[in-house]
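Engineer: Pasting a structure here, questions to come.
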Ligand SMILES: Cc1cc2nc3c(=O)[nH]c(=O)nc-3n(C[C@H](O)[C@H](O)[C@H](O)COP(=O)(O)O)c2cc1C
């Protein structure tokens, strides 16, 4: 079993990455394979609403000049997804949103391949907007018939400068519990 985490922050090793890693460490301890894909900071175009994915039905977006298709293929293979984002003006980063829009249409036209996978958000902000960002990401899991995994709090951290989320003990506990809950659910689904 494998969980793919996607980091929507342009800071590759910033607070979002730390949040993701806490969950992945617990998944690894439970014997679940993990991988992180970086989307934040990459040049990623939004959905062009061209309808090509609906005509071609080849598991791909027609836009080829960015990493989105490579990540879509990995999303299709994974059993679980963690989508992480820092809060930017009370919402997720545009790179992660572009991936959500394009992957969302590709999956709908290709057998709804995200169906019955498990999903969780990981969000971090200096002060506000975490819950809204968490909700934005969870909409993607819901419409794709995925099972959303919860924890002891919403999966959020409070920090500004890179690395500062390490001082948020509740965020660490939340993300580690999330990893354990995700492992538990994956094992039940794949028993
Ligand atoms: C463009 C931009 C917009 C931001 N908007 C918010 C915001 O709405 N609320 C907030 O509390 N922090 C906001 N922040 C701060 C980041 O969410 C915060 O620094 C976070 O820890 C960054 O995570 P990272 O290290 O993974 O990139 C913003 C930062 C940037 C660069």
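No value in this document is a laboratory result; all are computed from the given coordinates. Quick caveat: nothing in here was measured; it's all calculated off a predicted structure. Here Cβ is always computed from backbone atoms with ideal geometry, including for glycine, and neighbour counts include all displayed protein chains.
Engineer: With under 24 Å from residue 59 (Cα atoms) and within 16 Å of the ligand (Cβ to nearest atom) as the only criterion, which of 95, 167, 145, 172 stands out?
Structural biologist: 95
Engineer: Could you tell me whether any residue of segment 23-33 is free of Cβ contacts under 8 Å to residues at least 12 places away in the same chain, under 27 Å from residue 191 (Cβ atoms) and either surrounded by 13 or more Cβ atoms within 10 Å (Cβ to Cβ) or under 15 Å from the mean Cα position of the chain (by Cα) (or both)?
Structural biologist: Checked against the condition, which is being free of Cβ contacts under 8 Å to residues at least 12 places away in the same chain, under 27 Å from residue 191 (Cβ atoms) and either surrounded by 13 or more Cβ atoms within 10 Å (Cβ to Cβ) or under 15 Å from the mean Cα position of the chain (by Cα) (or both), segment 23-33 yields at least one hit.
Engineer: How many residues does segment 15-32 contain that are within 16 Å of the ligand (Cβ to nearest atom) and in contact with a strand residue (DSSP E or B) (Cβ under 7 Å, 6 or more places away or on another chain)?
Structural biologist: Count: 7.
Engineer: Which of the residues belonging to segment 33-66 are in a loop (DSSP other than H, G, I, E, B) and touching a strand residue (DSSP E or B) at 6+ places or on another chain (Cβ under 6 Å)?
Structural biologist: 39, 40 - these are the residues of segment 33-66 that are in a loop (DSSP other than H, G, I, E, B) and touching a strand residue (DSSP E or B) at 6+ places or on another chain (Cβ under 6 Å).
Engineer: Here is a list: 122, 103, 98, 90. Which entry is on the phi > 0 side of the Ramachandran plot and in contact with a helix residue (DSSP H, G or I) (Cβ under 8 Å, 6 or more places away or on another chain)?
Structural biologist: 90
Engineer: Checking residue 83 against (1) more than 23 Å from residue 143 (Cβ to Cβ); (2) in contact with a strand residue (DSSP E or B) (Cβ under 6 Å, 6 or more places away or on another chain), which test does it fail?
Structural biologist: Failed condition: (1).
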